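One structure is given here, and the rest of the page talks about it.
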Amino acid sequence: MIDYDSPDFWSNLAEVLLKGTGETLYMVGVATVLTIVIGLPLGILLVGTEKGAFLERALGPVWVARTVNRVLGFVVNVGRSVPFIILMIALIPFTRWLIGTFVGTTASIVPLTIIAIPFFARMVEIAVNDVAPGLYETADALGATRWQLVRRVLLSESMPAILLGVSTTITSIINFSAMVGVVGGGGLGNVAITYGFQRYSWIHIVFVVIILFAIVQLVQLVLSRIAVRVSHRGGADGRRARTGTSRTRTSRTALTPSEGAAP
Amino acid sequence: MITVQHLQKSYGHGPSAVRALDDVSIEVPEGEVFGVVGRSGAGKSTLLRTVNLLERPDSGSVSVAGTELTSLNGSALRAARRQVGMVFQHFNLLANRSVQQNVEFALEAARVPRGQRAGRASEMLDLVGLADRGRAYPAQLSGGQKQRVGIARALAARPKVLLSDEATSALDPETTESILDLIARLNRELHLTVLLITHEMDVVKRICASAALMEHGRIVEQGRLVELLRTPGSALAGQLFPLAAPGPGDGPTVIDITFAGGTADRPVIAQLAREHRLDVSILGAVVERIGGTQAGRTRLSLPVQGEAAAAVVADLRRQGLIVDWLRGGEAA
Ligand SMILES: Nc1ncnc2c1ncn2[C@@H]1O[C@H](COP(=O)(O)OP(=O)(O)OP(=O)(O)O)[C@@H](O)[C@H]1O
Ligand SMILES: [Mg+2]
C-alpha cells in the first residue's frame, strides 16, 4: 500500500514520474526515428513497384519489381494484422538475439519499431499515391532520374501528409509503449502498472494520464504546425493540413491498439 | 527538326483495342510553329507524347534534331528528352515548391551545376515576364502566370523544341492571347520549334504556320496554312473559316470564295455585278490574318444555276481565286 501521508510521498512520486517519462520518451523517440528511416523507403518502394509504377523497371527486369511488391505487401499486411501483445511475445527470440535481453526499455524498442513500420509504410504509400499523376509525366519530360523524381517531386508533394502520418504514428507508438510496461519494458506504462494497478495508487494513474495526454497533444500540435508550413497548396488541401486532418485518411489507418491488439 | 514517320500505337488488344495512332507521319521544320487539331479522342495527345517518348510507339520512328529517339533508353533517352521542352494543360507545377524552385528542378534534372541554377532560373523567369514572382508559390498565381512558369521550366534546359498539349485550354481568352503571344515571341527570339495541340482554331490562326488535322488516329490533312487555304475542299480551311450552312431560302447556287495572299483585296463582288450583271448576295464572310498573310472567305448566293453558274465559277477560278461549290454545280 502507498502511504499518502508519508513525508517523502511527493518527492517519490516526482522521481518515479520523471524516470518513467524519460524512459517513455527514449523508447518512443528511438522507435520513431527507426520507423521513419525504415518505413519511408519501404512505403515508397511499395508504391513504386506496383504494376506500371515509377520503379517498375528501375530494379532490373519487371519481375524483380513485381516480386519485391508482392513480398513487401505481404509482410506489411501480416505486420498490420498481428496484435501487438502477440507480436511482442513472438519477437522475444529476435529481440534477445539483437539486444541480448528482452526486458527493459532498450529491448522494448524492437517490438515498438516493428509494429509501427508497416503502419507508417502504409501511410507513406497512401500519401505518395495522392501525388498528381501529371507530375510523374512532368519529371519524365524533364529527363529527371528516379531519385530526382522521388526526392524532388514525390517527397516534396506528399510531405504534409507524411508529417501528419508521422504524428499519428508517434501517437500510436506512445500507446503501445504503455503496453510494453506489462513485460517490464519500463516507462510510464510500467509506472501505471506497478503503482496504480498493483498498489492501488490512483494519484499515480492520474499523473500518468496527464503526462501522456500532454505528450500526445504536444506532438500533434508541433507536427501539424510543420505540416502547414511545408504545405503551399492553398484551397481545400491547405485547409485540411491546417485543421490537422489529412486527405490521406491517416486517422482511419491509424495504428491504434483497438485495431491491433486487445489490451 | 521533328520527323515522325509511320507511327502506330494501339491501346489494349483484341476486339476492344483502340488504335490511337495509325500510320502517322509529320515533319516540322526548324523554327516553325506547327498545330495539330482534331476532335477529342483523335489521338493528338498520344502523338505529342510519342515525340518525347513519354509514350513508346508500337512501330515507326521519331527523330528530333537528328537524334533518333525510338532507339534510345535509360540515360541516353533522358538526355534526349532535355532537348524537348513540354508544357501541359494543367501546368503540373510542384505545389509545395516556389516558382524559382520549380524552374530550378528542371535545371537539376538537366544536370546544370548547383551554383548556376539560381541565376539561370531567374533568367528564365525574366524571359516569361515573371522576374518578381520567384518566391511565390503556384497557388498564389493566376492560371496565366502558372503557365508562364510552366514555359520557363520547359525552356530552362534550353531545348530546341517545345511541345504544348492544350496549354491554353484552361485559360480565359485574354490570358490565352497573352500566352500565345509569348510562345510566338519565344519562337522568334529563340528560334524555337513548336509543336502544339489544340482544339481551338483560333490558336492555329494566331500562331501556326502549318497544321495537321487528325481523325481516328490518322492525319487526314497537313500542310502550310497558306497552301491549305488554296486547296479546294480543304477541311482545315473550312474549320479556319466557319460560316453558317446555307438555308433553304438561299437560292439554287451557293459558292465559297477563298482569298489568300495576293488576291485578298480584289473587288470581286463589284466585278460580278458589273461583268456578269449578277445580283449576288453575301451569306457570310470572314477575313483574318492566317499564317502571316491576310486571308478571307466569302459565301455567296448566285441567282443563276447550271451552265450560267459554271461559267461564272470558271471565270473566277481563272483569276486565281479558290472557289468551292456548296450548292449546285460540282456540289450536286
Ligand atoms: N493510356 C491509355 N490507355 C488506353 N487508351 C488510351 C490511353 N491513352 C489514350 N487512349 C485512347 O487513345 C485514343 C486517343 O487518345 P488521345 O488522348 O491521344 O486523344 P486526344 O486527341 O488527345 O483527345 P482530347 O482532345 O480529348 O485530349 C482515345 O480513344 C483514348 O481513349
Ligand atoms: Mg489530349
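Give the range B:145-168 a look and list any residue that's under 18 Å from the mean Cα position of the chain (by Cα) and part of a helix (DSSP H, G or I), or say none. Within the range B:145-168, B:Gln147, B:Ile151 meet the criteria. Residues in the range B:163-210 that are within 16 Å of ligand 2 (Cβ to nearest atom) and surrounded by 22 or more Cβ atoms within 10 Å (Cβ to Cβ): B:Leu163, B:Ser164, B:Ala167, B:Thr168, B:Leu195, B:Leu196, B:Ile197, B:Thr198, B:Val203, B:Val204.
Within the range B:221-282, considering only helices (runs of 4 or more DSSP H) that don't extend past its boundaries, which have at least 2 residues that are out of contact with any Ser or Thr (no Cβ under 9 Å at 6 or more places or on another chain)?
Values: elements: B:225-230, B:235-240, B:268-275.
In the range B:221-282, B:235-240, B:268-275 are the helices (runs of 4 or more DSSP H) which contain 2 or more residues that are out of contact with any Ser or Thr (no Cβ under 9 Å at 6 or more places or on another chain).
Of the residues contained in the range B:119-134, none is found to be surrounded by 16 or more Cβ atoms within 10 Å (Cβ to Cβ), out of contact with any Pro (no Cβ under 8 Å at 6 or more places or on another chain) and within 8 Å of chain A (Cβ to nearest Cβ). Inclusion of B:Lys205 among residues that are within 14 Å of chain A (Cβ to nearest Cβ) and not small (Gly, Ala, Ser) is not warranted.
Evaluate the following for B:Val24: is it more than 16 Å from ligand 2 (Cβ to nearest atom), hydrophobic (A, V, I, L, M, F, W, C) and more than 12 Å from every other protein chain (Cβ to nearest Cβ)? Can you show your working first?
On the way: more than 16 Å from ligand 2 (Cβ to nearest atom): no; hydrophobic (A, V, I, L, M, F, W, C): yes; more than 12 Å from every other protein chain (Cβ to nearest Cβ): yes.
The answer is no for B:Val24.
Check the range B:151-162 and report whether any residue there is surrounded by 24 or more Cβ atoms within 10 Å (Cβ to Cβ), within 16 Å of ligand 2 (Cβ to nearest atom) and within 11 Å of chain A (Cβ to nearest Cβ). Within the range B:151-162, none of the residues are surrounded by 24 or more Cβ atoms within 10 Å (Cβ to Cβ), within 16 Å of ligand 2 (Cβ to nearest atom) and within 11 Å of chain A (Cβ to nearest Cβ). Looking only at residues in the range B:33-76 that are surrounded by fewer than 14 Cβ atoms within 10 Å (Cβ to Cβ) and within 12 Å of ligand 2 (Cβ to nearest atom), the one that is nearest to the other protein chains (Cβ to nearest Cβ) is B:Ser40.
Kindly indicate whether A:Ser156 is of a type outside the set (D, E, K, R) and more than 14 Å from every other protein chain (Cβ to nearest Cβ). Give the derivation first.
Numbers: of a type outside the set (D, E, K, R): yes; more than 14 Å from every other protein chain (Cβ to nearest Cβ): no.
Here the answer is no, as A:Ser156 does not meet what is asked.
May I ask you to say which residue of B:Glu32, B:Glu55, B:Glu27 is farther than 21 Å from A:Val131 by Cβ, free of Cβ contacts under 8 Å to residues at least 60 places away in the same chain and in contact with a strand residue (DSSP E or B) (Cβ under 7 Å, 6 or more places away or on another chain)?
Details: B:Glu32 fails: free of Cβ contacts under 8 Å to residues at least 60 places away in the same chain; B:Glu55 fails: farther than 21 Å from A:Val131 by Cβ.
Just a single option satisfies the conditions, and that option is B:Glu27.
Would you mention how many residues in the range B:182-203 are within 14 Å of ligand 1 (Cβ to nearest atom) and part of a helix (DSSP H, G or I)?
Here is the first cut: in the range B:182-203, the ones within 14 Å of ligand 1 (Cβ to nearest atom) are B:195-201, B:203.
Next, from what is left, pick out any that are part of a helix (DSSP H, G or I): B:201, B:203.
Within the range B:182-203, residues that are within 14 Å of ligand 1 (Cβ to nearest atom) and part of a helix (DSSP H, G or I) number 2.
Taken together, A:Phe54, A:Phe9, A:Phe102, A:Phe94 contain a single residue that is more than 26 Å from A:Leu155 (Cα to Cα) and buried (at least 16 other Cβ atoms within 10 Å of the Cβ), which is A:Phe102.
Taking into account only those residues within the range A:138-149 that are in a helix (DSSP H, G or I) and buried (at least 22 other Cβ atoms within 10 Å of the Cβ), which is farthest from the other protein chains (Cβ to nearest Cβ)? Restricting to residues being in a helix (DSSP H, G or I) and buried (at least 22 other Cβ atoms within 10 Å of the Cβ), the top hit is A:Leu149.
Among the residues of the range B:169-181, how many are assigned to a helix (DSSP H, G or I) and of a type in the set (A, V, I, L, M, F, W, C)? If you could, list the steps in order and put the result at the bottom.
Step one: of the range B:169-181, the residues assigned to a helix (DSSP H, G or I) are B:173-181.
Now drop any that are not of a type in the set (A, V, I, L, M, F, W, C), which leaves B:179-180.
Result for the range B:169-181: 2.
Look through A:Arg80, A:Arg122, A:Arg70, A:Arg96 and report the one residue that is away from every other protein chain (no Cβ under 14 Å), in a helix (DSSP H, G or I) and at pLDDT below 90. Even if it seems obvious, please write down each step before you answer.
Details: A:Arg122 fails: at pLDDT below 90; A:Arg70 fails: at pLDDT below 90; A:Arg96 fails: at pLDDT below 90.
Among A:Arg80, A:Arg122, A:Arg70, A:Arg96, only A:Arg80 is away from every other protein chain (no Cβ under 14 Å), in a helix (DSSP H, G or I) and at pLDDT below 90.
Could you count how many residues in the range B:11-47 are part of a helix (DSSP H, G or I), more than 8 Å from ligand 1 (Cβ to nearest atom) and hydrophobic (A, V, I, L, M, F, W, C)? Qualifying residue count, the range B:11-47: 0. In the range B:271-282, the condition of being touching a residue at least 24 places away in the same chain (Cβ under 8 Å), closer than 22 Å to B:Leu225 by Cβ and surrounded by 15 or more Cβ atoms within 10 Å (Cβ to Cβ) is met by no residue. The combined condition, being under 24 Å from B:Ile179 (Cβ atoms), of a type in the set (Val, Ile, Thr), away from chain A (no Cβ under 12 Å) and surrounded by 23 or more Cβ atoms within 10 Å (Cβ to Cβ), is not fulfilled by B:Val103.
State whether one or more residues within the range B:294-304 are within 20 Å of the chain's Cα centre (by Cα), loosely packed, with under 13 Cβ neighbours inside 10 Å and not assigned by TED's automatic domain parsing to the domain that holds B:Leu195. No - not one qualifying residue is present in the range B:294-304.
The values are calculated or read from the model by the stated rules, or taken from the named source; none is laboratory data. Remember, predicted model here, so these are calculated numbers, not experimental data. Using ideal geometry, Cβ is built from the backbone for each residue, glycine included, and neighbour counts are taken over all protein chains shown.
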